[in-house]
Amino acid sequence: MNKHEADRNLGLILTEFRNYQQGILPTGPGARGLIEFFADIDQNPAIEPAAPKIQRNDRDILNLLSKRSEVLHLGPANYCWFTDPTRALCLKLAGTPTATKPLIGMCDSARCPQATHHPIHRDVWAEHAQRTKTFLGQLGKTRTTERERLTSDHTRPQRIVTAIDTAARGASDQS
Ligand code: SF4
């Protein structure tokens with residue numbers, strides 16, 4: 001990973017950590033692990049603020065986030081936290097379980113335990129849901145098999161959009 005990518009990843013993980021602190025949680029199969037990781041950092045006494053209401057120093061937090069940021073890969077519609085190749089669904093599907101990089105082109109982020117979805121990915125999923133809805137509307141009544149496949153293609157992105165919205169709404173409910 002070059003310096004540009006390392007800096008970019010650090011910026012992205014810091015953004016998501018700040019989101020977490022505001023109650024905007026990640027979603028997706030890997031969300032739980034990422035939330036636990038953020039919670040550990042948030043409660044780390046080493047970066048306890050000197051006084052209430054003083055935001056913890058970005059540099060201290062970046063130090064704690066940096067290792068995790070090194071395993072971050074960007075999918076078009078998700079973040080991939082490539083911590084363990086044996087858990088990578090894309091590698092399992094490709095039959096290359098010992099590869100050292102994820103196969104982003106084969107990513108199935110709705111099912112991979114290393115994937116998370118964030119507000120930044122919402123538009124991609126919403127567009128996908130809208131597109132499949134339009135196709136469904138254009139299908140003739142007799143095209144049963146295609147309808148079933150498209151319905152599932154529509155349900156999945158719609159579910160992801162709803163999860164992202166629900167996670168963001170949790171934050172606005174608290175404010
Ligand atoms: S399936 Fe996607 S999230 Fe999972 S390891 Fe592969 S690229 Fe990463």
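The values are calculated or read from the model by the stated rules, or taken from the named source; none is laboratory data. Predicted model only: the values in this text are computed from it and were never measured. Note: ideal-geometry Cβ built from the backbone for every residue, glycine included; neighbour counts use all protein chains shown. These accessible areas exclude ligands, DNA and RNA; they are computed on the full protein's heavy atoms, side chains included. Shrake-Rupley method; radii C 1.70, N 1.55, O 1.52, S 1.80 Å.
Results for (1) of a type in the set (D, E, K, R); (2) at pLDDT 95 or above, shown as yes or no for each residue.
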position	(1), (2)
31	no, yes
35	no, yes
41	no, no
45	no, no
53	yes, no
61	no, no
73	no, yes
**OP:** Pairs only if they're at least six apart or on different chains, beta carbon under 8 angstrom, first in the stretch 28-39 and hydroxyl-bearing (Ser, Thr, Tyr), second surrounded by 22 or more Cβ atoms within 10 Å (Cβ to Cβ); list them, first residue then second.
**Re:** none
**OP:** Looking for whichever is without any contact (Cβ under 8 Å) to a residue 12 or more places away in the chain, farther than 20 Å from residue 10 by Cβ and within 13 Å of the ligand (Cβ to nearest atom) here; the options are 96, 100. Which one fits?
**Re:** 96
Original post:
Which of the residues that make up the stretch 62-107 are closer than 21 Å to residue 163 by Cβ and among the hydroxyl-bearing types (Ser, Thr, Tyr)?
Top reply: 79
**OP:** Mind counting the residues in the stretch 102-125 that are open to solvent by less than 60 Å² (accessible area, probe 1.4 Å) and of a type in the set (A, V, I, L, M, F, W, C)?
**Re:** 6
Original post:
surrounded by 16 or more Cβ atoms within 10 Å (Cβ to Cβ) and touching a Cys at 6+ places or on another chain (Cβ under 7 Å) - does that describe any residue in the stretch 90-101?
Top reply: yes
**OP:** Among the residues of the stretch 64-89, write down those that are open to solvent by less than 30 Å² (accessible area, probe 1.4 Å) and under 11 Å from the mean Cα position of the chain (by Cα).
**Re:** 72, 75, 77, 78, 79, 80, 81
